[in-house]
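Read through the structure below, which is laid out as structure tokens, and then see the notes.
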Amino acid sequence: MFLGRAGPSAAKAGEALMNPRIYFDHSATTPLDPRVLAAMGPFLGGAFGNPSSLHQEGRAARAAIETARAQVASLIGAEPEEIIFTASGTEADNLALIGAVRASGRPGHVVTTSIEHAAILETCRFLADSGTKPGTKITRLPVDSDGLVGPESLLRALQSNVTIVSVMAANNVVGTLQPIEELAHLTKLHGVLFHTDAVQAAGKIPLDVNRLHVDLLSLSAHKLHGPKGVGALYVRKGTRLSPIVFGGGQERGLRSATENVAGIVGFGAAAAIAREELAEEALRLARFREQIAAELRRVLPQSYLFGHPVHRLPGHLSFGLRGQEREVGKLLAALDGAGVAVSAGSACSANHSSEPSGVLLAMGFDPERARGLLRVSLGRFNTQKDVDRFLEILPGAVVTLSVSRDAVAELKFPSATLAAGALA
Ligand code: PLP
């Protein structure tokens, strides 16, 4: 093969080295932290034992899982034996709701919100439609235009017989944090179980299961720089829960199957790092967010932010562009082409990004506005340079959309970002 002059691919590689891609989609998933990968390494190689085996290989795997269990527990102030490893955040959500309803021995009544992730909403649909007749009663609490659940609506719902209340800690689309402590406290006063889906919140904001009064809490490793395909459900001691996966009785009988040892070890390492670095990292990401929000206001006056202005995830920002709501797919593609990965709504609904977001509709936005959400979510390896470059690229990408010349003329772009021919 001819290996002479550097060709176009070498030029491309050189360009990529000069301008590495900017990954701003950490709410969808996060890159594995190299320290996590290093911790997992032995369990993808020589340390292959089955944790249920009694020999040395098995005992080594068991010990690694128990270390990870303690690390994950420590992230949320739980006892290690209260952590049940699952194959995902989705499975943890399924186990919490289906497990609680089955354990109650009745069709039951699940109270949740109108802005939960599909892992909760679809599980509720399953419970309502399946098996017993009548199916489980489902109440979806409304949210306000910031995405907050009001305690009054929860109190009203608690007047009837409720099996479990499930409210997410942080919303994946708009980043709003719910007042979990208050909602769980009210729920517990009525003697009802409380579950929170903390998949987006864990590792980003402090979480303590005892301060929050929660009985069940879902986690997912890949949202905190751990591996994909590993989750956990915190189950408070004494909580009655039925399994949804049956077999050899692993994980205290609540999640049969040979454990994903390397994945669980990675989850443990990721949880330990997140706990150690959380306070500083939250401040750093919140500063980046504020810089992006301020610059949006300055250079794109047609932009507006979604979600609660204060009670929100630190590195998460969702916005729309007035009059350009239908162009969000084009904007995403333009940014992608310019080296920036962002998301339109949640990863799970990315294929339907032209559809109005169910979360925004529930927050009271009209279908037009609800189509136009762009989500920027930052993470551990993002730098000030990434933020500055994104802010250079964004206005130029917006100009390439099919806005009228008049509308563009009104915008105050820094002249350098108005690429020649962009309005053609
Ligand atoms: N819950 C929330 C709030 C999420 O954002 C996600 C993933 O996007 C999940 C649950 C599902 O987690 P997993 O991807 O581990 O199944």
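Pairs please, first residue from the stretch 186-200 and free of Cβ contacts under 8 Å to residues at least 24 places away in the same chain, second anywhere and part of a helix (DSSP H, G or I), Cβ atoms under 6 Å, 6+ apart in sequence or on different chains.
Matching pairs, first to second residue: none at all.
Conditions tested, residue by residue: (1) assigned to a helix (DSSP H, G or I); (2) in contact (Cβ under 8 Å) with a residue 24 or more places away in the chain; (3) in contact with a His (Cβ under 6 Å, 6 or more places away or on another chain); (4) buried (at least 18 other Cβ atoms within 10 Å of the Cβ).
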{"residue": "Arg287", "(1), (2), (3), (4)": "yes, no, no, no"}
{"residue": "Ala294", "(1), (2), (3), (4)": "yes, no, no, no"}
{"residue": "Pro301", "(1), (2), (3), (4)": "no, yes, no, no"}
{"residue": "Pro309", "(1), (2), (3), (4)": "no, yes, no, no"}
{"residue": "Pro314", "(1), (2), (3), (4)": "no, yes, no, yes"}
{"residue": "Leu317", "(1), (2), (3), (4)": "no, yes, no, yes"}
{"residue": "Leu332", "(1), (2), (3), (4)": "yes, yes, no, yes"}
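Within the stretch 39-87, restricting attention to residues that are open to solvent by 30 Å² or more (accessible area, probe 1.4 Å) and among the hydroxyl-bearing types (Ser, Thr, Tyr), which residue is nearest to Ile205 (Cα to Cα)?
Result: Ser74.
Val162 versus (1) surrounded by 24 or more Cβ atoms within 10 Å (Cβ to Cβ); (2) assigned to a loop (DSSP other than H, G, I, E, B); (3) among the β-branched types (Val, Ile, Thr): which is the lone unmet condition?
(1)
Let's see how each residue does on (1) more than 16 Å from the ligand (Cβ to nearest atom); (2) within 20 Å of Glu82 (Cβ to Cβ); (3) open to solvent by 30 Å² or more (accessible area, probe 1.4 Å):
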site	(1), (2), (3)
Ala169	no, yes, no
Thr176	no, no, no
Ser220	no, yes, no
His225	no, no, no
Leu241	yes, yes, no
Gly247	yes, no, yes
Thr258	yes, no, yes
Ala270	no, yes, no
Ile273	yes, no, no
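Which residues, counting only those in the stretch 24-35, are in contact with a helix residue (DSSP H, G or I) (Cβ under 9 Å, 6 or more places away or on another chain) and either within 16 Å of the ligand (Cβ to nearest atom) or in a loop (DSSP other than H, G, I, E, B) (or both)?
Result: Phe24, Asp25, His26, Ser27, Ala28, Thr29, Thr30, Leu32, Asp33.
Can you name the residue in the stretch 114-144 that is within 16 Å of the ligand (Cβ to nearest atom), closer than 15 Å to Ala96 by Cβ and part of a loop (DSSP other than H, G, I, E, B) and is also most open to solvent (accessible area, probe 1.4 Å) among such residues?
Top of the filtered list is His117.
Those residues that are more than 26 Å from the chain's Cα centre (by Cα), in contact (Cβ under 8 Å) with a residue 60 or more places away in the chain and assigned to a loop (DSSP other than H, G, I, E, B), I need them from the stretch 243-257; list them, please.
Gly248, Gln250
Could you tell me which residue of the stretch 131-163 is modelled with the lowest pLDDT, considering only residues that are within 15 Å of Ser104 (Cβ to Cβ) and polar (S, T, N, Q)?
Going through the qualifying residues, I end up with Thr132.
Residue-by-condition table, conditions (1) under 30 Å from Glu181 (Cα atoms); (2) assigned to a loop (DSSP other than H, G, I, E, B); (3) of a type outside the set (Asp, Glu); (4) modelled with pLDDT of 95 or more:
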residue	(1), (2), (3), (4)
Leu37	no, no, yes, yes
Pro42	no, no, yes, yes
Pro51	no, yes, yes, yes
Arg59	no, no, yes, yes
Ser74	yes, no, yes, yes
Glu81	yes, no, no, yes
Phe85	yes, no, yes, yes
Glu91	yes, no, no, yes
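Cβ-Cβ under 9 Å, sequence separation 6+ or interchain: first residue in the stretch 91-107 and over 8 Å from Thr123 (Cβ atoms) and in contact (Cβ under 8 Å) with a residue 60 or more places away in the chain, partner assigned to a helix (DSSP H, G or I) and within 16 Å of the ligand (Cβ to nearest atom). Which pairs?
Glu91/Ala119; Ala92/Ala119; Ala96/Ile120; Ala96/Thr123
For Arg106, which of the numbered conditions (1) modelled with pLDDT of 95 or more; (2) open to solvent by 10 Å² or more (accessible area, probe 1.4 Å) fails to hold?
The failed condition is (1).
Of all residues in the stretch 145-159, count the ones that are among the hydroxyl-bearing types (Ser, Thr, Tyr) and either open to solvent by 20 Å² or more (accessible area, probe 1.4 Å) or part of a loop (DSSP other than H, G, I, E, B) (or both).
Counting residues in the stretch 145-159 that are among the hydroxyl-bearing types (Ser, Thr, Tyr) and either open to solvent by 20 Å² or more (accessible area, probe 1.4 Å) or part of a loop (DSSP other than H, G, I, E, B) (or both) gives 1.
Is it the case, given these coordinates, that Pro107 is more than 26 Å from the chain's Cα centre (by Cα) and either within 20 Å of Ile244 (Cβ to Cβ) or assigned to a helix (DSSP H, G or I) (or both)?
yes
Where in the stretch 337-424 are the helices (runs of 4 or more DSSP H), entirely inside, with at least 1 residues that are at pLDDT 80 or above and β-branched (Val, Ile, Thr)?
Output list reads 358-362, 384-399.
The values are calculated or read from the model by the stated rules, or taken from the named source; none is laboratory data. Values in this document were obtained by computation on a predicted structure and should not be read as measured data. Ideal geometry is used to build each Cβ from the backbone, glycine not excepted, and the neighbour counts take in all protein chains shown. Accessible surface is based on the protein model in full, side chains and every heavy atom, while ligands, DNA and RNA are left aside. Shrake-Rupley method; radii C 1.70, N 1.55, O 1.52, S 1.80 Å.
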